[in-house]
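What follows is one structure encoded as structure tokens, with my remarks underneath.
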Amino acid sequence: MQFGVCTPVGNSAVIKAAGGHFTEGHVQNFLRPADPLWQRPMDPKTLPVPIAAYNCLFPGDLKVTGPNVDKMRIKAYMARACKRCRETGASVLVFGSGAARRAPDDWPREKAEEQFVEVLRLMGPLAREAGVTIALEPLNRGESNILNSVAEGLEYLRRARTAGLSVLCDFYHMALENEPLDALKEAGKLLSHVHVAEPKGRVAPQPGGTNLRSFLAALKGIGYDKRISMECSWEDLAKQLPATIEYLRAEWEAA
């Protein structure tokens, strides 16, 4: 199993020194799809570990539900995001972006869901053409009112019926939503990426925390063999990361 960290690309050497395998970068800070004149800030091949994925796909003002959805703007933005993702060696764009997804309280739920599906149908072919996948990230209800569980993510994939899309599972959000681990069995090969964090405080996974091993065992049970990315807060990444990766590796082996 490959372990990495959601962190600025500049921390690549820290990840390498700790025994990690990849960086999960930030779309807004690195790929900057809103800027049509963007130039790649560095050659990813020179980094100590590769950039495997990117998160924070949409800025909060680029709405995918509600009265202000601009499909032309979304399409242009996503075409650049997918192309730049592939050009920098990554293969996964994580679609969390709770603020962009959140439907206004007075907006009809059915309308919001249909808008979300329409955006997925727009995005999927762009991702497929670029050779990347867009991983739908379920977020807890405190962060978004659209797509709160792996099961819902799978339903949106069924409704969209397009290649280029997959689903992500996040231990932190699943725990907050009390989602059963059986949802991972349903995801199967549609699961393309995984996030982990200790649910209490969203800190790094650590001994004595919430039972991570059962989650990892469920991943093993479906034959998941891609990547696990730590999306959490750190007091000192360089000091904490070696022990965290060692702990995750041991838990994975024991699961």
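The values are calculated or read from the model by the stated rules, or taken from the named source; none is laboratory data. Everything numeric here is computed off the predicted structure, so don't read it as measured data. Backbone-built Cβ (ideal geometry, glycine too); neighbour counts: all protein chains shown.
Some observations on this one:
- Residue selected from the stretch 34-57 under the condition touching a Pro at 6+ places or on another chain (Cβ under 9 Å) and within 25 Å of CYS169 (Cα to Cα), by the criterion surrounded by the fewest Cβ atoms within 10 Å (Cβ to Cβ): PRO50
- Residue within the stretch 22-45 that is within 24 Å of ARG249 (Cβ to Cβ), within 22 Å of the chain's Cα centre (by Cα) and of a type in the set (Asp, Glu) present: yes
- Residue within the stretch 203-222 that is closer than 19 Å to GLU152 by Cα and either touching a Gly at 6+ places or on another chain (Cβ under 8 Å) or among the polar types (S, T, N, Q) (or both) present: yes
- Selection over the stretch 79-110 of residues that are in a helix (DSSP H, G or I), over 26 Å from GLY142 (Cα atoms) and of a type in the set (A, V, I, L, M, F, W, C) gives a count of 4.
- Qualifying residue in the stretch 229-239 (condition: crowded, with 18+ Cβ neighbours inside 10 Å and in contact with a His (Cβ under 7 Å, 6 or more places away or on another chain)): yes
- ALA127 vs. criteria within 20 Å of ALA187 (Cα to Cα), assigned to a helix (DSSP H, G or I), modelled with pLDDT of 95 or more and small (Gly, Ala, Ser): yes
- Residue list for the stretch 188-218, filter: buried (at least 22 other Cβ atoms within 10 Å of the Cβ), in a helix (DSSP H, G or I) and without any contact (Cβ under 8 Å) to a residue 40 or more places away in the chain: LEU216
- Top-ranked residue of the stretch 50-78 - restricted to ones that are out of contact with any helix residue (DSSP H, G or I) (no Cβ under 9 Å at 6 or more places or on another chain) and part of a helix (DSSP H, G or I), ranked as nearest to ARG32 (Cα to Cα): TYR77
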